[in-house]
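Scroll down for the structure; my scribbles are underneath it.
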Amino acid sequence: WILGTNPYHSPLFETAFPRPRLLSGFFQRRSKAIIGTAFKSVVTEFYATVAAHQGKAEANLFAEQCDLFGVTPAFARLAFGRVREIVLLQDPRDAYCGYRALWSTSATQAMTILRSVCQRTIERHQDNQGDTLFLRCEDLLLRPETALTEVAAFLSINRAITVGPDIATDPAREGINRWRSELDATEMTLFGQQFDEYLRLFGYDVAAITDT
């Protein structure tokens, strides 16, 4: 057998087992744990080497940035078992304004994408087993000490939080609440109708859209 060949598409594997489902079962169950363990060792050794070269002998955590709805979070749970996830949130109204300013996406497409992302984020929040922290980007930029203290507590890090002076001049701060001046009455109404649950769940201001 040539194991480098994709077993799901190569006819060479059709007769490997007496029943087809045994083949899929092998790769979906038995090999999954083996591959997960191997990748865990590789990833752990990589970050241990990085920490050593950076003189961070006491480092015992590492973080990966990834797509919330991609395969990486599921892989991390498979390989490492107990993990902590931090989901960064943004006011969808500001995100919508950003779409219009920076991308060629139409207003309708932007609204559709945001609606899907917000709904899936709500579902992730409902499924939270206590190992996921939902953190607003606005809090990181405007109230960094409070936000980072929350992160430290979530990760069981007992260390004083210090924030550098650069945060006060971070250009990302300029994008916060831009929706208040850029959205028209129709768009305000749409967000009030279609994003109310998300906005309320994560503590965003809804007074301006409910008053329109």
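The values are calculated or read from the model by the stated rules, or taken from the named source; none is laboratory data. Since the structure is predicted, the reported quantities are computational estimates derived from the model, not experimental observations. Reconstructed Cβ throughout: ideal geometry from the backbone, glycine too, with neighbour counts over all protein chains shown. Remember, those area values only see protein heavy atoms, side chains included, never the ligands or the DNA or RNA. Shrake-Rupley method; radii C 1.70, N 1.55, O 1.52, S 1.80 Å.
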#### Entry: Given (1) loosely packed, with under 12 Cβ neighbours inside 10 Å; (2) assigned to a helix (DSSP H, G or I), number of the condition Cys118 does not satisfy
(1)
### Query
So is Ile113 part of a helix (DSSP H, G or I) and within 30 Å of Leu155 (Cβ to Cβ) or not?
no
### Query
Of everything in the stretch 64-103 that's of a type in the set (Lys, Arg) and in a loop (DSSP other than H, G, I, E, B), which residue is surrounded by the fewest Cβ atoms within 10 Å (Cβ to Cβ)?
Arg82
### Query
Which ones in the stretch 159-186 are in contact (Cβ under 8 Å) with a residue 24 or more places away in the chain, assigned to a loop (DSSP other than H, G, I, E, B) and among the aliphatic types (A, V, I, L, M)?
Ile176, Leu183
## Note on the structure
By residue number, the members of the stretch 200-212 that are more than 26 Å from the chain's Cα centre (by Cα) and either at pLDDT 95 or above or not in a loop (DSSP other than H, G, I, E, B) (or both) are Ala207, Ala208, Ile209, Thr210
### Those residues of the stretch 187-199 which are assigned to a helix (DSSP H, G or I) and surrounded by 11 or more Cβ atoms within 10 Å (Cβ to Cβ), in sequence order
Glu187, Met188, Thr189, Leu190, Phe191, Gly192, Gln194, Asp196, Glu197, Tyr198, Leu199
### Scope the stretch 13-63; condition in a helix (DSSP H, G or I), open to solvent by 90 Å² or more (accessible area, probe 1.4 Å) and among the hydrophobic types (A, V, I, L, M, F, W, C); matching residues
Ile34, Phe39, Val42, Phe46
### Query
So is Thr72 β-branched (Val, Ile, Thr), without any contact (Cβ under 8 Å) to a residue 12 or more places away in the chain and under 19 Å from Leu155 (Cβ atoms) or not?
yes
### Query
What do you reckon, is Ala147 open to solvent by less than 40 Å² (accessible area, probe 1.4 Å) and without any contact (Cβ under 8 Å) to a residue 24 or more places away in the chain?
yes
### Task
Working carefully through the options Ala74, Ala52, find the one that is out of contact with any Ser or Thr (no Cβ under 6 Å at 6 or more places or on another chain), of a type in the set (A, V, I, L, M, F, W, C) and at pLDDT below 90.
Ala74
## Note on the structure
Of (1) modelled with pLDDT of 95 or more; (2) surrounded by fewer than 15 Cβ atoms within 10 Å (Cβ to Cβ); (3) farther than 20 Å from Val83 by Cα, Glu123 satisfies every one except (3)
